[in-house]
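Taking it in order: structure first as structure tokens, then the write-up.
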Amino acid sequence: MKHPKKKATAPTPTEAILESISDGVFTVDLEWRISSFNRAAETITGVSRTDAIGRRCSEVFRSSMCGPDCALRQTLKTGQPVIGRAGYIIDAEGGRIPVSISTAVLREADGRVIGGAETFRDLSEIEALRRELEGRARIGDLVSRSTLMQRIFEALPAIAASPSTVLILGETGTGKDLVAQTIHTLSPRSKAPFVAVNCGALPETLLESELFGYKAGAFTGATKDKPGRFAMAGSGTLFLDEVGEISPALQVRLLRVLQERSYEPLGSNRSEATKARLIVATNKDLAEQMRKGAFREDLYYRVNVVRIELPPLRRRKEDSPLLVDQFIDRFNRLQNKSIQGITAEALSLLMVHPWPGNVRELENVIERAFIMCREGLIGLEHLPDELTAHGVSQSTAPGIKTAHDLLDAQAIQSALDQNHNNRTAAARMLGIHKTTLFRRMKKLGMSLPKQDGRSRLTK
């Protein structure tokens, strides 16, 4: 006698909903074993529910948030949900998938805790779009949305393809070394060495031997031959930072290298050829140094073949968010942290700071914030006191009553300054309509500039 087949149990309304949504959802018991695993969770992870149910969640997800950083563990410990925490999981094929997770406690009808639930949203498409947009503002390790920097970005591939000497000008901390490295990376010489020398950090005698090398017996203590940086660079790139600091005597030797493509190591009477491409940089006005007689005119024209002038950060403040994101990513990797970003208030303060130390100063501020911020978002409390104090002292507008008002006023003033009081352009930079800009300025008690940015007096 045949037994009647057992009918499949119809899904509950809750189960039907969980199966229909695009977010992955799973639940665990108090031993961290998966008790349910919806269709979207299967799709995102590439793991079937048959394989997932009964296994520990850490074995299935291999997430950046497993272990001490587990959001679900935090929720079960505190009873408080986690909403929208960013991280990643490893799928069945070993791929890294960016996700946003939220957690909750599972309870019986009597309130007894029986486990936890977690939802995770696949952010791969969003991350791909972010990388695409970032790619438009990135070349090598350089990032910028500034018009000034974009012009440099457009020229860099052609500059990199040529063998010509490059002169990079810019204030201290603007990233001259990074531009030089990028030129090398984009060039046909990329597989050859990139050798950098800070001319301002070495005394003349030591700098000469560092550049050109020496032979055994050239001076007391020279027991064997030592190759210089020109030799080490080979057919690659030699980057001379702070070239404006070298002495007149050394300028003569450098000029000969550029003219004859050869040099003599100290203690040698034979010339050695060099195929290295030369990139030099300085924070000084070499033209002015030349007029004063501190820099040779013939050398100036030899190094000033291709000229790149890097703007200071105060002239490209729209790049601050990009740079902050870049530094956060870097320090997360270096310090094995998972700082998620920066608050709007803290970013606003960074946007209006004058940055006399330029990009390097900003990098140092973010590194310091990493020390003070253990998790989550970098906030005002994690920034240096001198930065926040400077910000507070910048505005005396009568409508400013709160820290948010202060930051708003600073952002508006910075946008006006950068756009030469052109209110339409300032509003566009801030991402608001011109009438909204007027309304905010009136609320904050900020006076309209005497000129409208188009050389026309306001009425």
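Laboratory data are not the source of any read-out in this text; all were calculated from the coordinates shown. Only a predicted model underlies this, so the values are computations on that prediction, with no experimental measurement involved. FYI the Cβ positions are ideal-geometry reconstructions off the backbone, even for glycines, and counts take in every protein chain you see.
Projected label points at Glu59 and Lys284, each 7 Å from Cα along the beta carbon direction, are separated by 6.8 nanometres. For the chain, the longest piece that avoids every one of the GluC sites (Glu not before Pro) found in DSSP loops with at most 12 other C-beta atoms within 10 Å covers 109-374. Taking the Cα centre of the chain as reference, the dipole from Cβ charges on Lys and Arg (+1) and Asp and Glu (-1) amounts to some 1000 debye. Label-to-label distance for Ala109 and Arg291 is 9.0 nm, based on points extended 7 Å past Cα in the beta-carbon direction.
Within segment 136-311, the proportion of Cα pairs with more than 21 Å between them is 49 percent.
Between Ala222 and Met372, full extension at 0.36 nm per residue minus the direct alpha carbon distance yields a gain of 49.2 nm.
For Arg138 and Leu334, FRET efficiency with R0 = 22 Å and r from the beta-carbon atoms, rounded to 0.05? Working shown, then result.
Details: r = 20 Å, r/R0 = 0.89.
So the FRET efficiency works out to roughly 0.65.
As a rough footprinting exposure proxy, the listed residues Trp32, Trp355 were ranked by other beta carbons within 10 Å of their own, and the order from fewest upward is Trp32, Trp355.
Can you check how the C-alpha radius of gyration of the chain compares to 2.2 N^0.38 Å, as a plain ratio? Intermediate values should be presented prior to the final figure.
Numbers: Rg = 30.1 Å, N = 459, 2.2 N^0.38 = 22.6 Å.
So the Cα radius of gyration is 1.33 times the expected 2.2 N^0.38 Å.
Across segment 85-118, the residues whose backbone nitrogen lies under 20 Å from the label position 7 Å along the beta-carbon direction of Arg39 are 118. Of all aspartates and glutamates in the structure, those lying under 18 Å Cα to Cα from Lys442, and not within fewer than 8 positions of it along the same chain, are Asp405, Asp408, Asp417, Asp452.
The label-point distance for Phe438 and Tyr301, in a model that sets each label 7 Å from Cα toward Cβ, rounds to 5.6 nm.
For segment 213-264, run through the chymotrypsin sites (Phe, Trp or Tyr not before Pro) and keep only the ones in DSSP coil with at most 15 other Cβ atoms within 10 Å of their Cβ.
On the way: sites: Tyr214, Phe219, Phe230, Phe239, Tyr263; in loops: Phe219.
Loop-located and lightly packed - Phe219.
For the pair Gln80 and Ser164, the difference between a 0.36 nm per residue extended length and the Cα-Cα distance amounts to 24.1 nm.
Starting from the Cα-Cα distance between Asp177 and Arg315, subtract it from 0.36 nm times their residue separation and give me the gain in nm to one decimal. Provide the component values of the computation, followed by the final result.
On the way: separation 138, 0.36 × 138 = 49.68 nm, distance 1.91 nm.
Stretched fully, the Asp177-Arg315 segment lengthens by 47.8 nm.
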